[in-house]
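K.L.:
Take this structure, written in C-alpha cells, and hold onto it; I'll ask about it next.
Nothing in this text is a laboratory measurement; each read-out follows from the coordinates by a stated rule. Note that the structure is predicted; figures quoted are calculated from it, not measured. Cβ: placed from backbone, ideal geometry, glycine included. Neighbour counts: every protein chain shown.
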Amino acid sequence: MDLRGRAAFSLNRLRVLLMLFHTMAPIMAEQEVENLSGLSTNPEKDIFVVRENGTTCLMAEFAAKFIVPYDVWASNYVDESHNTSKGPQATWRLSKVQFIYDSSEKTHFKDAVSAGKHTANSHHLSALVTPAGMSYECQAQQSISLASSDPQKTVTMILSAVHIQPFDIISDFVFSEEHKCPVDEREQLEETLPLILGLILGLVIVVTLAIYHIHHKMTANQVQIPRDRSQYKHMG
C-alpha cells in the first residue's frame, strides 16, 4: 500500500534562470550568466543577468518554488516539506517550461515508491504576457501546472516577486517601464480607491461650506421687509 507525499523545494538558481530564459528566446552562442543573488535583500529572491557577447540580453529577479507530488510507502510515511521560496502589438511571453527531477534524491523525497528521474512539461502555456520593450513585474504568487511523466502526477511551479525583461535592455539593473500583472493592478486600485473617495468627499464638504458662507453673507446684507403692513409707516 502506498500514500501520496509532496515535496516543495527550490531549484539550483542557475538552472531555474536558464529554464526561464530558454523558454522565451532561442539558444544563443557565447552566453554568460552572472548570479547576483547575493545583492538581494530577500534571501528567497534570486537575481540574474544573462549576457551575450558582452551585451545584456536578459535581467531577472524572482522567487521560484516547485511542489512535486509522489508516492511513498505507508509504513514509512513522512509528510515533510522543504520550503524556499516591436511594433505596437508585439509582445513577449513565457510559452514553455520543462522541469526535470529525480525522486530518488532523498534530500527532498522521503521513501518514494518507484523512484527515478521524471520530466514535467507545460502545455499550451502563455504566461507573463508583456508588450515589447517593457519589463514584467508581479509581486503576487502565480502558479503554473506541469504534467509529469510520473503517472497521474502534476507538478506545481510557483513564482512570486517577479521582475523580468528580455531584450531592449539599456544597462544592468535598469528595467524598462513595468507592465504589472492584473493581481497587482487590482491590489493597487484597492489601496488607492479609499484615498480617492476620501479626497472627493472632503472636496464636496469644502465646496458646500463655501456656498453656504457666501449665501449667508449675501442674505445678511439685504433689507428685511416686515410682513406686518402696520410696520411700513416706521420705515423710510
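K.L.:
Once phi is turned into θ = phi - 60°, what whole-Hz ³J(HN,Hα) does the Karplus curve with 6.51, -1.76 and 1.60 give for every residue of segment 121-127, x standing for Gly and Pro?
P.N.:
10, 7, 9, 6, 7, 8, 10
K.L.:
Still on this structure, I have one more. Could you tell me the calculated FRET efficiency between Ile196 and Thr41, based on Cβ-Cβ distance and R0 = 45 angstrom, to the nearest 0.05?
P.N.:
With a Förster radius of 45 Å, E is 0.90.
K.L.:
Here's another thing I want to ask about it. What FRET efficiency comes out for the pair Val33/Thr156, r = Cβ-Cβ distance, R0 = 22 Å, nearest 0.05?
P.N.:
In this case the efficiency is close to 0.30.
K.L.:
Which whole-Hz ³J(HN,Hα) couplings does segment 32-48 yield from phi under the Karplus relation 6.51 cos²θ - 1.76 cosθ + 1.60, θ = phi - 60°, glycine and proline marked x?
P.N.:
Residue by residue, segment 32-48 yields 10, 9, 10, 8, 10, 4, x, 7, 6, 7, 9, x, 8, 10, 9, 10, 9 Hz.
K.L.:
What is the set of long-range amide H partners of Tyr70 at a cut-off below 5 Å, with H atoms built 1.01 Å from backbone N?
P.N.:
Gly5, Arg6, Ala7
K.L.:
Moving on. Provide the FRET efficiency to the nearest 0.05 for the Phe167-His124 pair, computing r from the beta carbons and using R0 = 25 Å.
P.N.:
For R0 = 25 Å, the calculated efficiency reads 0.60.
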